[in-house]
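Enquirer: The following block contains the structure, expressed as C-alpha cells.
Throughout, read-outs are computed from the coordinates displayed, never taken from laboratory work. Keep in mind that what you see is a predicted model, and the values were worked out from it rather than measured. Counting neighbours? That spans all protein chains shown, and the Cβs are built from the backbone with ideal geometry, glycine included.
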C-alpha cells in the first residue's frame, strides 16, 4: 500500500525542523572546525594566524601517535571484553530461573549512571591509598597497584570501568536478540542430538549476528567517543599520557591548553577516521551477518 | 486522540508560562544582577556563599549570583567560551596560571579602570600578593584567594615512627632521611606526596632564587624559554625521583587528590596549598603539624610564591553593573570579610589590616597552623625570581611538566631526559603563543 502526501512541499516542511537542527548544530560547526584547522588561534579567538596545514603535520608527533595507539588498544579491549562478557551474561539472564527479573534489573543498572558518577565510583574503589580494591589487592599480594603512577594498570582500570558502564546496554540488546530466536529451531536441534555448545555455535550465534554487529559498532563508537567523562574524572589522561585517548587529547588541547586550531585539526582527523571505520564495518559486515 | 490533544494543551501551556516567566524580569529591573563564576569546591564553597550572602544582604539593589563552574581550568575554559559567544559573565575567578592569558585576552576590564579613587587603599594589600598580580604597578584583577604551599605533616605518625614530632624535615637531605625512617618503620607505606605537583616545581624555583622562565619569569618581556631543563630544575626532579625510587615519595596526582592519602595516614607528609589548612585540620583524626617547605642546601634563598586566584572583570557590561562590581570588590577587602575568608579556608586575607584584626582576635595563637604560610612568605626574601611566573600558555606548560614528572618518577625517562622533553614542548608552546601577539 502506498499513501501520498497531499502536497509536494509538505514532506519537506515536516522534515525542516530536523534539517535546521542538523545544519545549525552539526554542519555549521563542522565547517567552522575545518576553517579553524588552518589557523593558529589565540585563546579568546581574537587573533588568527594562517598556518596552512601545520596543524595537521603537527599531528605526526609521538604524542598524537601515542594517543592513537592508546585509543585502539583501549577500544579493542572494551569491545572484545564487553561483548564476550555481556553475551555470557545475556545467555545467563535468558534462563528461566526464579527471580530473573531482579537479576536482569541488576545487570541493566549501571547504564543508568552518568559517566561522571561511574568515574567517581571507580576512582573511589580503586583509589591508591583509600580504595577498597587497592586494600584487598595489597592484602593478597603485598603490592599496592597505583594507577596514578602505573600507566598500564591505569589502562586496565579505565577499561574495566568503561566495560562495566556498557554492560546494561549490551545485555539489553543481546537479550532482545536472544528472545527473537525461535524456540522451535533450538528444540529441533536438541532432538537431533546437538549439545548446548553446538546449539550455541550453529544456531544462536549466527542468528544473533545482526545484533552483534550492531553492538560492535556501538561499542566501537563508545570506546572512541564516549569515554571522555570516565577519563576526565579518573585519570585526566595520565599518568604520563597512558590513558590519553584521542577524544581526551582533543578536549585537553582545545579547551584546557586553548589551542583551538590544533584541536580543530584533530577533530577533522577523528571525524574522517570514524566515518571510514563505520563504512568499513557496514561493507564487510554484510558478508557474514545473517539477517533473518 | 484525546490523549494527544491533552498533551498538546499541556505543551502549549508550558510554552506560554515559559514566555511569561521569561518576561517577568522587567518587574525587578531595580536589582543589578552580577554573575560570579568561581572554582571554589568542597569547604571553600560555603565560604564563598557566606561572603556573597553578606554582601547581598547589605545591598538590596545588587544581587551577586555565585556559580560554581568546575575546576580552575574548567572555569577559564567556560569563561572563554562565554566571552567568544558574546555573553561573558561579570566576574570570573581565574587562577594565577591564567593571568597572562587574561591580560592578553582583550576581553577584560582592568580593575583600576572601574575603581573609584581612594575607595580601596591599595597600599594595604599584602605585598607578595600585589607583587604577583600587579603589572607596571597596577592591578588588573582583584585579589581574592591567595595561598602558598607549605609542608603538612602527621605528628602521630612521626611519634609512632620514633621521630620527634616537632622536628619536620627542613632540607631535602632531611626529607630523605626522615622519610626513609617512616617507610622503614612501617607506620605508612610512603612518606610524602604533593598536591599540585606542577606548582610545587614552580615553588622550588622561587624558593631557591631561580627563574622558572627567561626574561625574569616573563615579567620584563614575554618569556621565550623555560629553564626547567637547566641544572637546578633537573636537580629538583632528580631528587624527587630518587625519593620515589626509595618509596619515600609517592606521586599523588593533580590538585588536591593527594589530600586523601594524607588524611588516611598513608603518607606522613604533604606539600599542599595553605587553602587546605581549614579542611585538613577539620578532617584529620591526628595531630596536624605544618612547616616551611624543605629546601635544597647550597642555593640562595628566595621566597615561596603566591598561588590561588584573582577575580577578573569581563568586558561587555553596563556602567551600572561595573559600579555594582566595584561595590562587591570593596566589600571583599573589608578587614572583617577578608579575615572571615581566611578563617574559613586558610587563604591569605588580602590586606594587612585584616592580618592585624586576626592577630588582635587571638586567631593566630589559637590556630598556629594558620600562621605557617604567613611566616614562610614574610621571612622570605623579595627577589624578582619569586614574584611569580607569567606565561601565556601556562596551563599547557604545566601539563607538559606534569607529564614529564610522571615519566620521571615512573622510571620511564631519566630526570634529565624528562626535563628536556618538557622544555622542548614548553618552548614550542611559548613560541607559538608569542607569534600570535607580535
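Enquirer: What is the fewest-to-most order of B:193, A:37 by other Cβ atoms lying within 10 Å of their Cβ?
Expert: A:37, B:193
Enquirer: If the elastic network links every pair of Cα atoms under 10 Å, which of B:87, B:386, B:238 fluctuates the most in the Gaussian network model of chain B?
Expert: Of the options given, B:87 has the highest mean-square fluctuation.
Enquirer: So, one more: Per-residue mean of other chain beta-carbon atoms within 10 angstrom of the beta-carbon, peptide B:397-407?
Expert: 4
Enquirer: Give the average, rounded to an integer, of partner chain Cβ atoms located within 10 angstrom of each Cβ in A:44-51. If you can, show how the numbers build up before the last one.
Expert: Working: counts 12, 7, 7, 6, 1, 4, 0, 2.
Mean partner-chain Cβ count within 10 Å for A:44-51: 5.
Enquirer: Using a 7 Å offset from the Cα along the Cα-to-Cβ direction at both residue A:184 and residue A:109, what is the distance between the two label points in nm, to one decimal?
Expert: 4.0 nm
Enquirer: Moving on. Can you tell me the order of A:160-167, B:39-46, B:100-107, B:392-399 when each peptide is scored by its average per-residue count of other Cβ atoms within 10 angstrom, highest first?
Expert: Top to bottom by mean Cβ count within 10 Å: B:392-399, A:160-167, B:100-107, B:39-46.
Enquirer: Apply 1/(1 + (r/R0)^6) to the Cβ-Cβ distance of residue A:95 and residue A:282, taking R0 = 35 Å, and write down the FRET efficiency to the nearest 0.05.
Expert: The computed FRET efficiency comes out at 0.60.
Enquirer: What number, in percent, do you get for the relative contact order of the range A:60-288 if the mean sequence gap of Cα pairs under 8 Å and at least 6 apart is divided by its residue count?
Expert: 28 percent
Enquirer: Something else now. Place a point 7 Å from the Cα of residue A:226 along the Cα-to-Cβ direction; which residues of the range A:72-102 have their backbone N under 11 Å from it?
Expert: Answer for this model: none.
Enquirer: Among B:338, A:141, what is the fewest-to-most ranking by other Cβ atoms within 10 Å?
Expert: Sorted ascending by nearby Cβ count, the order is A:141, B:338.
Enquirer: Then there is this: Please state the relative contact order of chain B as a whole percent: Cα pairs under 8 Å, 6+ residues apart?
Expert: Computed over chain B, the figure is 24 percent.
Enquirer: Rounded, prolate or oblate for the range B:266-408? Axes are the square roots of the Cα gyration tensor eigenvalues, ordered a ≥ b ≥ c, and the cut-off for rounded is a/c under 1.5.
Expert: Verdict is oblate for the range B:266-408.
Enquirer: Calculate how steeply helix B:231-245 sits against the longest principal axis of the alpha-carbon atoms of chain B, using the helix alpha-carbon long axis, and give the answer as 0 to 90 degrees to the nearest 10.
Expert: It is inclined by approximately 80 degrees.
Enquirer: Let me ask something else. Within the range B:381-415, find all residues whose amide N lies under 14 Å from a label point positioned 7 Å from the Cα of residue A:47 along Cα-to-beta-carbon.
Expert: Those under the cut-off are B:391-394.
Enquirer: So for the range B:87-166, averaging the separation of alpha carbon pairs under 8 Å that are six or more residues apart and normalising by length, what relative contact order in percent results?
Expert: 23 percent
Enquirer: Just check chain A against the gyration tensor rule for me: Cα atoms, a ≥ b ≥ c as the square roots of the eigenvalues, rounded for a/c under 1.5, and otherwise prolate or oblate depending on whether a/b exceeds b/c.
Expert: Oblate is the answer for chain A, as a/c is 1.5 or above yet b/c matches or exceeds a/b.
Enquirer: Using a/c under 1.5 as the rounded threshold, could you call chain B rounded, prolate or oblate? The axes a ≥ b ≥ c are square roots of the C-alpha gyration tensor eigenvalues, and prolate needs a/b larger than b/c, oblate otherwise.
Expert: Working: a/c = 1.63, a/b = 1.57, b/c = 1.04.
Prolate is the answer for chain B, as a/c is 1.5 or above and a/b outweighs b/c.
Enquirer: Give me the one-decimal nm value for the distance between modelled label points at residue B:365 and residue A:4, 7 Å along each residue's Cα-to-Cβ direction.
Expert: 9.9 nm
Enquirer: Please compute, for peptide B:70-76, the average count of beta-carbon atoms on other protein chains lying within 10 Å of each residue's beta-carbon. The partial results should precede the final answer.
Expert: On the way: counts 0, 3, 0, 6, 3, 0, 4.
Partner Cβ neighbours, averaged per residue: 2.
Enquirer: Per the helix-only calculation at 222 nm, which mean residue ellipticity applies to the protein assembly as shown, given -39500 (n - 2.57) for every DSSP H run of n ≥ 4 and division by its residues, nearest 500 deg cm²/dmol?
Expert: So the helix-based figure for the protein assembly as shown works out to -17500 deg cm²/dmol.
Enquirer: Would you mind getting me the FRET efficiency between residue A:85 and residue B:124? Use the beta-carbon distance for r and R0 = 51 Å, nearest 0.05.
Expert: Numbers: r = 64 Å, r/R0 = 1.26.
For R0 = 51 Å, the calculated efficiency reads 0.20.
Enquirer: Continuing with this model, one more query. Need one number: nm distance between label points at residue A:32 and residue B:383, each 7 Å from Cα along Cα→Cβ, rounded to one decimal.
Expert: 4.8 nm
Enquirer: I'd like the orientation of helix B:415-436 relative to chain B: the angle between its Cα long axis and the longest Cα principal axis, in ° from 0 to 90, rounded to 10.
Expert: It is inclined by approximately 30 degrees.
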